[in-house]
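The structure under discussion appears below in the form of structure tokens.
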Amino acid sequence: METSKRPKSSHCSGINCNNSRQFTPELSFFRFPKDVERCMRWVINCRRQDLLDKMKTDPITTTQQLYKSNVLCAEHFEEKQFMNAIQRKSLIPLAVPTLFKICNPPPPETSKRKSPLKRKLEVHDSAMKKKKKMSCDSEAGPSSSLPIVHGDPDETSESDASALKIEAMRKQIAALRSKVKARDKKIATLSDKIQSMEQTNQQKFIQSLPSSAQAFIESQLQASGRSKTGRRWSIAEKKLAITLYHSSPKTYKILRQ
Ligand SMILES: [Zn+2]
């Protein structure tokens, strides 16, 4: 019994498929997806140029129309696309149709895909075949050369996945390296700042002292770069040291350090 929720068409929209609810009631029929992107995959795989043209012109409206009115029969889905492969009553969430009666049907949805190079070669090969076989019995004509889109979550082959991972990791390393570089620069700038601030502080401290003490400290600082035995004092400095010692031995001892 037809319910109001059922799509208008009871005929399968698959290319070269005559199945309908009326004549093949044993088959399940599935609405086109509501999601525009997924609907586009179905349309591409269906190889229906008319539907594809509509999708390209107005994807949102066409998706809504297809969802309301069009169906595909269970014959266009591989076993693993069903929740239950025996009953074949409902599809997995991201199911994609791949089985069509055309001269170059979409490749099956297998978990172990061929290498990307092999797939590229196959696409090239099928394009060459198409040129030779323009008399192919497809209603869709030129659309039969459309590349097939796979929507299965495990569609990406292991090599594809690891190549992507490597690329992502490389990017991460480059980003981390530039971060480290920036931090090193910051550290260098900060230590320069500290050094100049320390020098300024030292100068300020010396300037705050009486001029005799300033001269003494400056001579001491200059001497600090030389070895103990290499230190030579001017007569004025020696006099100052003696004067300091006589007036306040404590100050002399402090300054000596
Ligand atoms: Zn069908």
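The values are calculated or read from the model by the stated rules, or taken from the named source; none is laboratory data. Everything numeric here is computed off the predicted structure, so don't read it as measured data. As a convention, Cβ positions derive from the backbone with ideal geometry for all residues, glycine included, and neighbour counts pool all protein chains shown.
Computed values, structure above
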item: Within region 33-51, tally of residues that are in a loop (DSSP other than H, G, I, E, B), within 14 Å of the ligand (Cβ to nearest atom) and under 18 Å from Glu78 (Cβ atoms); result: 1
item: Residue check for Thr57: crowded, with 17+ Cβ neighbours inside 10 Å and more than 16 Å from the ligand (Cβ to nearest atom); result: no
item: Pairs with Cβ under 7 Å, 6+ apart, first in region 70-93 and free of Cβ contacts under 8 Å to residues at least 60 places away in the same chain, second within 14 Å of the ligand (Cβ to nearest atom) and in a helix (DSSP H, G or I); result: Ile92/Gln81
item: Residue count for region 10-32, restricted to those that are touching a strand residue (DSSP E or B) at 6+ places or on another chain (Cβ under 8 Å), near the ligand (Cβ under 9 Å from one of its atoms) and not in a strand (DSSP E or B); result: 7
item: Test set (1) within 18 Å of Ser10 (Cα to Cα); (2) more than 14 Å from the ligand (Cβ to nearest atom); (3) not basic (Lys, Arg) - Pro97 fails condition number; result: (2)
item: So Ile86, is it assigned by TED's automatic domain parsing to the domain that holds Pro106, more than 12 Å from the ligand (Cβ to nearest atom) and out of contact with any Leu (no Cβ under 6 Å at 6 or more places or on another chain); result: yes
